[in-house]
Amino acid sequence: MNFLEERILKDGVIKEGNVLKVDSFLNHQMDVALLEEIGKEFHRRFANLKITKVLTIEASGIAIAYAVARCFGVPMLFAKKAKSINLDGDMYTAEVESFTHRNKNQIIVSKKFLSSDDRILIVDDFLANGCALQGLISITEAAGAEVAGIGIAIEKGFQYGGRSIRNLGYRVESLAIVDSMDAATKTIVFRSQAE
Ligand code: 5GP
């Protein structure tokens, strides 16, 4: 079991509706030492890919992406959730359905921060149905940049996002993959992965 799986078992809380709460160490209060570990681990896994930028989506991806970008020594960029539909042409946009809030957001990234020379590492806290990732992938590719890899802290393997994004040919590395969880018995089963 790796450091993140151990922490999820210790402090994660299973909610109804297939939601795992990790707000005591990752999503609200943040354990910065744990974030640094996550950054180092993604750097180890993607070190040879000549990453030029780390891309995530606000809000909960930002801290993880910061830690990862720090290890690579590259800028971190986050897609903003647009408040207005009055967007000018200087933005890449994508529509993203939120799993936790059950609403749709337009996400935006300024064109000046992505170029066709970029090799992007996309990072997020959770992978559920894959909508957030699909949005980030489409923005990256609209800029002519390459999605070099995708790093996820916690993948919920019983939802279809991981399978569908890997089937498209992207390299997705998840530090913890939850294969099943049960709110009544408070049990979480992780997929075993080669370390
Ligand atoms: P997806 O777009 O893959 O369906 O969902 C990913 C996004 O939804 C992540 O950015 C994350 O913020 C949120 N999310 C999905 N499932 C969970 C969950 O079980 N717990 C928490 N805390 N966030 C989740």
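Taking every DSSP beta bridge that has both residues in the chain, what percent is antiparallel when rounded to the nearest 5?
The answer is about 45 percent antiparallel.
Between beta-carbons, use under 12 Å as the cut-off and find the net charge around ILE177, counting Lys and Arg +1, Asp and Glu -1.
So the environment of ILE177 carries a net charge of 0.
Taking 1 over the mean of 1/r across every pair of different Cα atoms in the chain, what Kirkwood radius in Å do you get?
Evaluated on the chain, it is 16.9 Å.
Counting only other residues whose beta carbon sits under 11 Å from that of ARG191, what net charge do I get with K and R as +1, D and E as -1?
Residues near ARG191 contribute -2 overall.
To the nearest 20 debye, what charge dipole does the range 7-100 have about its Cα centre, counting +1 at the Cβ of each Lys and Arg and -1 at the Cβ of each Asp and Glu?
Approximately 320 debye in magnitude.
For a quick check, take a GNM of the chain with Cα springs below 10 Å and name the residue from ARG70, ARG102, ARG119 with the largest mean-square fluctuation.
ARG102
Over the chain, with every protein chain in place, what whole percent of the accessible area is carbon and sulfur at 1.4 Å, could you tell me?
Of all accessible area on the chain, carbon and sulfur atoms account for 48 percent.
Which values of log₁₀ I(q)/I(0), to two decimal places, follow from the Debye formula for the range 1-105 at q = 0.13 Å⁻¹ with a uniform point scatterer at every Cα?
One equal scatterer on each Cα of the range 1-105 leads to -0.61.
Output the Kirkwood hydrodynamic radius of the range 121-195, Cα pairs only, in Å rounded to one decimal.
Evaluated on the range 121-195, it is 13.0 Å.
Using alpha carbons only, how many degrees (0 to 90, rounded to 10) separate the axis of helix 62-72 from the longest principal axis of the chain?
For helix 62-72, the angle is close to 80 degrees.
For the chain, modelled as a Gaussian network with Cα springs under 10 Å, which listed residue fluctuates most, VAL147, VAL32, VAL123?
VAL32
At 1.4 Å probe radius, can you tell me the per residue accessible area of the chain in Å²?
Ligands and nucleic acids excluded, the figure is 51 Å² per residue.
Dipole of the chain (Lys/Arg Cβ +1, Asp/Glu Cβ -1, origin at the Cα centre): which of ASN103, LEU34, PHE126 lies farthest to the positive side?
Value computed over the given set: ASN103.
The values are calculated or read from the model by the stated rules, or taken from the named source; none is laboratory data. Predicted, not measured: the structure shown is a model, and the values here were computed from it. Quick reminder, even Gly has a Cβ in these numbers, built from the backbone with ideal geometry, and neighbours come from all protein chains shown. Heavy atoms of the whole protein, side chains included, go into the accessibility calculation; ligands, DNA and RNA do not. Shrake-Rupley method; radii C 1.70, N 1.55, O 1.52, S 1.80 Å.
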